[in-house]
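Remarks on the structure that follows.
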Amino acid sequence: MSSLRQLVPGQQPTVQASLDRIAPCTVGTWRALYRQIGEPWHWHDRDAWDQGAMAAHLARPEIRIYRVKAELGPEWTDAAGFLELERHEDGSVEIAYIGLDQRVLGRRLGGWLVAQAVHTAFAWDAVRVWLHTCTLDAPAALPNYLARGFLITRAETYDATV
């Protein structure tokens, strides 16, 4: 998306939720959210990063980490979702990671989270917001991205061992 005007908001979630920046984000917090949110979708590309590499990445001013807090019945969880944004030299902001915990699926948080990510990226003065996905992602991910106004600009085929 090159403009916030391209964003198509989703339906309102069926639960109360907020997107909160984690600053600073520790390696332990990042790894816990990455594992919790990404494990069902085979997020493993950063498993091999050692503590130093991960800490250096998180300390970069071009990286911002967020968590979704959501109401689950009478309780709230501060680990209902995860978002990592990365600002690139061309002024674009990549939605590097985005996802929800399995416990909150089906509560209309997916469309809400993508819209929040886009709003947050443009508030960070993005000239363009983009993301990537794959067939290992949640079945609703690509339809959600397209429904929010993203366009497919490239498709690649490769094999991965899971």
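Of all residues in the range 7-38, those satisfying the criterion of being out of contact with any strand residue (DSSP E or B) (no Cβ under 7 Å at 6 or more places or on another chain) and more than 23 Å from residue 107 (Cβ to Cβ) are 23, 24, 26, 27, 28, 29, 31.
Restricting attention to the range 99-122, the residues that are modelled with pLDDT of 95 or more and either open to solvent by 80 Å² or more (accessible area, probe 1.4 Å) or part of a loop (DSSP other than H, G, I, E, B) (or both) add up to 1. Restricting the search to strands (runs of 3 or more DSSP E) fully inside the range 7-91 and requiring at least 2 residues that are touching a helix residue (DSSP H, G or I) at 6+ places or on another chain (Cβ under 7 Å) and over 16 Å from residue 102 (Cα atoms) gives 63-72.
Tell me, please, whether a residue that is in a helix (DSSP H, G or I), under 17 Å from residue 12 (Cα atoms), at pLDDT 95 or above and open to solvent by 70 Å² or more (accessible area, probe 1.4 Å) can be found in the range 133-149. No. In the range 24-39, is there at least one residue being without any contact (Cβ under 8 Å) to a residue 24 or more places away in the chain, surrounded by fewer than 13 Cβ atoms within 10 Å (Cβ to Cβ) and not charged (D, E, K, R)? Taking every residue of the range 24-39 in turn, at least one turns out to be without any contact (Cβ under 8 Å) to a residue 24 or more places away in the chain, surrounded by fewer than 13 Cβ atoms within 10 Å (Cβ to Cβ) and not charged (D, E, K, R). When 23, 96, 48 are checked against the criterion of being out of contact with any Asp or Glu (no Cβ under 7 Å at 6 or more places or on another chain) and modelled with pLDDT of 95 or more, a single residue qualifies: 23.
Applying the condition of being surrounded by 15 or more Cβ atoms within 10 Å (Cβ to Cβ) and over 17 Å from residue 121 (Cα atoms) to the range 59-71 and asking which residue is modelled with the lowest pLDDT yields 71.
The values are calculated or read from the model by the stated rules, or taken from the named source; none is laboratory data. Since we're looking at a predicted model, the values are computed, not measured. FYI the Cβ positions are ideal-geometry reconstructions off the backbone, even for glycines, and counts take in every protein chain you see. For accessibility, only protein heavy atoms count, side chains too; no ligands or nucleic acids. Shrake-Rupley method; radii C 1.70, N 1.55, O 1.52, S 1.80 Å.
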